[in-house]
Amino acid sequence: MRPSQAIASLRASLTPDGSADSIVPPSGHTAWLTTFTAGAMAFLAVFALALALASGRLAERWSDALERTATVRLSAPQDQIDLQIQAVLNVLQTTPGIASARALTADEQRALLAPWFGPDLPVDTLPLPRLIEINEDTSGYDSEGLRQRLAAEAPGAVLDDHTRWRKPLAVAAQRLRLLGFLSIALITGATAAMITLAASAALAANAGVIKVLRLVGARDGYIAAAFVRRFTLRALAGALAGTLAGMIAVSILPAADEAGGFLTGLGFQGWGWMTPLILPPLAGVVAYFATRAAAIRKLKELT
C-alpha cells in the first residue's frame, strides 16, 4: 500500500459511522484496557524521551566545559612550590596554542573538593598538589611537546588534557540516548500487543453479532473498520491524557541547580516541550495498524 493510500485509508477509518460503531461495545474491559494501556505507555514514553534528550544535554555541557581546558597538577616540597608554579606558568605563557594559564587559589581548590570532603577541608595544612588551569585558543597546542617541557622545568608537574574525561562522557551519553529511544520502541511494541489483545477479545465477544451482520450482507471490511475506528480513537484519547500527565510530572521535577548542579534536569527545554506531542499521533497510528491486523485475522477465524 502506498503512503497516500495508507493515509486515505486511515482517514476513512477514523470518520465516524454511527451504524457501524454500534456493533462495537462502548464500555467493558476492552474499552478501559485500551485507554488505560495507551495512557500508561504514553506517560512512560514521556520520561523515556526526557531521558534521551537530557542525556544529550548533559554530555554537551560537560564536553563544552572540558573541550578547551586542561589542568597542570604540580607536586613539590613546600619551600619550592612557588618557584615551580612560576616555572610552569612561564612555560605555559610561551607555549603556542595556550590563551591563558593561572594557578588556582586555596579557596578555589577548597571549593572543588567541597562536594567530596565538605567545606571545612584544611587545604593549607594538607600536602595537596597545586592546580594550574589552562585555557586553549582555537588552534590548540602540542600536548606531548608541552609534557616534555614541563618535565624539564618542573619534574613534579603533570598535564591533564581531559581526554580521558571527554571520551567516557560521549560514550555514556550515546548509550543513555540509545537506551531512551530503545525504551520508546519497547513501549510502542507493548502498546501494540495490548491493543491487539483487546481488539481480539472484543471481536470474539461479538462473534454472534458479526455472524448476523454477515447474513444481512455486511462485508468484513465494514466490520473491521468499525473496530479499527473505535480502538484507534480510544488509544488516541488515552495517549493524549498520558502525555499531558507525563509532561506535567516532568515539569515539576527538580531543576539542575536544585539537584546540586550534577544533573541538567530531567526535562525539556524550549521547543523540546513540543517533542512529546508526537506521542498521541504515534499511539493512534500504532493502534490503527494493530487493530486492523487483529480484526482481519480474527474475522478470518470466525468465517
Open item on the list: Through the Karplus equation 6.51 cos²θ - 1.76 cosθ + 1.60, θ set to phi - 60°, convert the phi angles of the range 129-140 into ³J(HN,Hα) values in whole Hz; use x for Gly and Pro.
Closed with: x, 8, 10, 10, 8, 10, 10, 7, 9, 5, 7, x
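Among VAL286, VAL72, which comes first, then next, by fewest other beta-carbon atoms within 10 Å?
The most exposed by this proxy come first: VAL286, VAL72.
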TODO: Find out how many positive minus negative residues lie around ALA202, taking Lys and Arg as positive, Asp and Glu as negative, among other residues whose Cβ is under 11 Å from that of ALA202.
DONE: +3
TODO: Rounded to whole Hz and in sequence order, give me ³J(HN,Hα) for the range 76-87 from the Karplus expression 6.51 cos²θ - 1.76 cosθ + 1.60, θ = phi - 60°, writing x for Gly and Pro.
DONE: 7, x, 4, 7, 10, 4, 5, 5, 6, 4, 5, 5
Open item on the list: Cut-off under 27 Å on the C-alpha distance; same-chain residues fewer than 8 positions from LYS211 excluded. Which lysines are left, in chain and number order?
Closed with: LYS298, LYS300
Task: Cα gyration tensor shape of the range 76-155, rounded if a/c is under 1.5, else prolate or oblate by comparing a/b with b/c - done: oblate
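Since every read-out is calculated from the coordinates, none of them should be taken as a lab result. Fair warning: this is a prediction, and the values are worked out from it, not measured in the lab. As a convention, Cβ positions derive from the backbone with ideal geometry for all residues, glycine included, and neighbour counts pool all protein chains shown.
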